[in-house]
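This report refers to the structure that appears directly beneath it.
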Amino acid sequence: MSEENLMKEIVSLLKRRGFVYPSSEIYGGFGASYDYGPLGIEMANNIKNLWRTDVIRAHSQVVETDGAIILNPRTWEASGHLGSGFADSLVECQKCHHRFKEEEVEDRRCPDCGGTTTEPRSYNLMMKTFIGPLESTQNQAYLRPETCQSIFLDFRLVADSMRLKLPFGIAQIGKSFRNEINPKNFLYRQREFEQMEMEWFTVESETDKWFEYWKERRLKWYLDLGLNKENLRLFEVPKSEMAHYARRVVDVEYKFPFGWHEIEGIHNRGDFDLSNHSQHSGRELNYSDNDHPEAFYPHVIETSAGVGRLMLAFICDAYQKVSGGRGEQSQRSEEVVMQLSSRLAPIEVAVLPLMKKPELTNKAKEIFEQLKFSFRIQYDETGSIGRRYRRQDEIGTPLAVTIDYDSLEQNDVTVRDRISMKQTRIAIEKLPLVLRQFLNESQFNES
Ligand code: GAP
């Protein structure tokens with residue numbers, strides 16, 4: 001199947017099964033924005049919580065903040081985003097008026113219609129807004145293009161209030177906005193997206209050591225969550241392609257159906273941000289303690305990943321088509337199964353009465369009540385049992401609990417495993433314990 005068709009299939013599955021919808025769809029969509037549906041938000045929350053566990057909770061020296069989206073506009077002068085550092089070179093086709101980044105166009109020929117393009121002009125990617133009722137230049141502000149800047153602005157406040165000593169990290173998860181000229185590839189490049197960033201502050205002499213530490217740690221996180229090793233690689237970004245603030249950049253890249261692309265950046269930002277904000281604001285963002293009596297600007301190692309981009313990578317990696325079907329009363333020639341890690345899957349356990357008969361549905365609802373606060377769970381009684389297994393396979397649910405007539409006599413149920421399709425009879429009273437054990441074992445097998 002062509003890469004384009006594979007992406008189309010994935011996008012259509014994600015819409016049909018309630019993961020991701022085009023934003024404002026009834027108005028024809030809007031500006032490369034997407035809405036998470038009920039399953040998408042579960043999965044996004046899993047990604048964020050797994051990141052929190054690994055980056056924040058596993059390190060006593062990392063704390064989390066949640067800054068404002070619209071910061072004092074002087075922030076962006078100091079950060080370099082208002083200058084040429086955050087501008088793309090844009091050309092426009094004089095015939096069809098489509099716009100492209102200069103680097104996407106050869107010999108001033110429009111890639112869409114072959115028309116001649118204009119000379120390039122610089123175009124800042126930050127989204128503008130106005131604060132207060134007057135739409136004047138003085139009132140102009142920007143939606144943040146990266147979450148980390150409020151971390152630098154709050155550096156002193158966080159370090160002092162939390163009594164942090166170097167080295168330490170400040171993390172943040174939140175929305176960022178970029179007026180991308182050519183948004184593409186679904187969740188990969190959006191104009192409104194969520195970032196998970198962590199700024200690790202250290203002394204300059206230890207930046208290389210910490211760069212290695214965070215690079216290896218972040219790579220391991222992806223592997224532990226089941227991403228195929230052969231679809232992951234590290235890419236040392238050449239100096240000429242680095243962002244304006246960076247001294248060294250290594251990208252974690254994933255092999256999407258549309259090619260190898262960055263999913264996360266590990267950056268050495270030096271003391272660029274703290275020194276520039278100190279200069280522009282007149283407030284010193286330097287650091288000293290008993291071990292470092294002379295104040296200095298700490299250096300920063302940053303890890304930065306986008307929630308939507310990661311979701312797309314995890315889904316592309318897990319998406320499998322089984323020709324001839326998976327058996328189990330299916331008549332389809334091809335079935336989709338999403339072999340997602342149980343930690344990422346929106347639903348952990350499906351509760352399915354074998355048929356929609358009151359004696360079975362009542363028992364199934366009792367089991368739903370018993371499990372609902374311990375697992376991410378879905379109750380489904382509509383359609384044949386084979387079709388319901390297929391639906392759960394498509395959304396990556398690792399376990400299904402089926403209640404049949406024997407359950408009423410024997411007080412037990414069948415637990416079906418998505419990967420092996422093996423079915424095991426389990427006593428209802430032991431169900432919470434056994435399900436947790438099954439989920440833990442499946443995690444162990446992933447990494
Ligand atoms: N603070 C550093 C920074 O923002 P970046 O390389 O521009 O670095 C980091 O972005 C990560 O944010 C990327 O690796 C990607 O996962 C995500 N990201 C950036 N732009 C995005 C976009 N337009 N749509 C979706 N995700 C994006």
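Some notes on this structure:
- Its Cα centre serving as origin, the chain has a Cβ charge dipole (Lys and Arg +1, Asp and Glu -1) of approximately 1080 debye.
- Near Ala141, the amide H atoms lying under 5 Å from its own belong to Thr129, Phe130, Ile131; only residues 5 or more places off or on other chains count, and H is placed 1.01 Å from N.
- Taking the Cα centre of segment 233-364 as reference, the dipole from Cβ charges on Lys and Arg (+1) and Asp and Glu (-1) amounts to some 880 debye.
- Rounded tilt (10° steps) of 307-318 against the dominant C-alpha axis of the chain: 40
- Taking a point 7 Å out from the Cα of Gln320 in the direction of its Cβ, the residues of segment 7-40 whose backbone N falls within less than 18 Å of it are 10.
- With each label modelled as a point 7 angstrom along the Cα→C-beta vector, the His97-Glu441 pair spans 6.3 nm.
- Of Lys128/Lys184; Lys229/Lys430; Lys255/Lys372; Lys48/Lys321, pairs whose Cα-Cα distance is over 26 Å: Lys229/Lys430; Lys255/Lys372; Lys48/Lys321
- Dipole of the chain, positive end: most advanced residue of Phe256, Met1, Ala295 [Cβ charges, Cα centre]: Met1
- Computed over protein heavy atoms with a 1.4 Å probe, the accessible surface of the chain works out to 48 Å² per residue.
- Taking the longest Cα principal axis of the chain as reference, the axis of helix 272-281 is set at about 60 degrees.
- Solitary cysteines of the chain, where the nearest other Cys Cβ is not under 4.7 Å: Cys148, Cys316
- Alpha-carbon radius of gyration plus Dmax, which is the widest Cα pair, for segment 87-180 in Å: 20.2, 61
- Think of each Lys and Arg Cβ as +1 and each Asp and Glu Cβ as -1; about the Cα centre, that makes the dipole of segment 327-446 roughly 200 debye.
- Segment 9-31 and segment 251-296 have Cα centres separated by 35 Å.
- Computed [θ] at 222 nm, helices only, for the chain once each DSSP H run of length n ≥ 4 contributes -39500 (n - 2.57): -9000 deg cm²/dmol
- Straightening the chain between Leu125 and Leu234 buys 36.6 nm, computed as 0.36 nm per residue apart minus the Cα-Cα spacing.
- Simple spin-label estimate for Leu6 and Ser24 gives 3.3 nm between the two label positions (7 Å along the Cα-to-Cβ direction from each Cα).
- Share of carbon and sulfur in the accessible heavy-atom surface of segment 327-446 [1.4 Å probe, %]: 49
- For segment 327-446, average projected area of the Cα convex hull in nm²: 6.9
- Sparse packing (at most 11 other Cβ atoms within 10 Å of the Cβ) combined with a DSSP loop state is found for the following trypsin sites (Lys or Arg not before Pro) in segment 94-201: Arg163, Lys184.
- Working note: Cα atoms of the chain, range along each principal axis, descending, whole Å: 76, 66, 47.
- Segment 201-290, accessible surface, carbon-and-sulfur percent (1.4 angstrom probe): 45
- Summed side-chain charge close to Gln190 - residues other than Gln190 whose Cβ falls under 12 Å, Lys, Arg +1, Asp, Glu -1: +2
The values are calculated or read from the model by the stated rules, or taken from the named source; none is laboratory data. The structure presented is a predicted model; accordingly, all values stated were derived computationally and were not measured. No Cβ is skipped: glycine too gets one built from the backbone with ideal geometry, and neighbour counts run over all protein chains shown. Just the protein is used for accessible areas: all its heavy atoms, side chains included, with ligands, DNA and RNA removed. Shrake-Rupley method; radii C 1.70, N 1.55, O 1.52, S 1.80 Å.
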